[in-house]
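Remarks on the structure that follows.
Nothing in this text is a laboratory measurement; each read-out follows from the coordinates by a stated rule. Computed from a predicted model, the values in this text were never measured in an experiment. Quick reminder, even Gly has a Cβ in these numbers, built from the backbone with ideal geometry, and neighbours come from all protein chains shown.
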Amino acid sequence: MKIKRFTSDDDIQVVKPLLSLATSENKAERALFQYLKSKDQCLFLYEKEGILAGCIGIELSMNQKAVIQHIAVSQDYRKQWIGKRMVEFIREQYNIRELRAETDDDAVGFYEKLGFEMESLSEKYKGVTRYQCTLFRN
């Protein structure tokens, strides 16, 4: 297992299909360029046995707070706690005391298993219930 920061536009075509699991393909490419140029946003890549298996993108703010912008795990590597390891890495790497994410019904269970507190945002988009998930440092 190796987690490294996404830092090169040479890797965009390799990372884009994975990030597209967390957003649309069109938005994935824009997000990758944003991660490269922003000082407050970072994308980390999770490699397992030399293969890109997951990614997590965050936006850092003041007072040891961060927001998960994107999180994705390749279909072949799901159910191996890679998502959990990436969240733990972010919390430790930046000494995060409050970590937030916004999600839908498809991923709310993932955040619940990690101990995030859930708040329904109702139907933020027509027919789609969204949730604000927050994890506080113990």
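The set of residues in segment 53-90 that are assigned to a strand (DSSP E or B) and either loosely packed, with under 13 Cβ neighbours inside 10 Å or out of contact with any strand residue (DSSP E or B) (no Cβ under 6 Å at 6 or more places or on another chain) (or both) contains only SER61. Checking each residue in segment 87-106 for being in contact (Cβ under 8 Å) with a residue 12 or more places away in the chain and within 20 Å of TYR131 (Cα to Cα) picks out VAL87, ARG97, GLU98, LEU99, ARG100, ALA101, GLU102, THR103, ASP104, ASP105. Across segment 104-122, a minimum of one residue is classified as assigned to a strand (DSSP E or B) and touching an Asp or Glu at 6+ places or on another chain (Cβ under 8 Å).
Which one of these is part of a loop (DSSP other than H, G, I, E, B) and touching a helix residue (DSSP H, G or I) at 6+ places or on another chain (Cβ under 9 Å): LEU21, LEU43, LEU32, LEU99?
LEU21
Checking segment 16-28 against the condition returns no match, with no residue being touching a Phe, Trp or Tyr at 6+ places or on another chain (Cβ under 7 Å), without any contact (Cβ under 8 Å) to a residue 40 or more places away in the chain, among the polar types (S, T, N, Q) and at negative phi.
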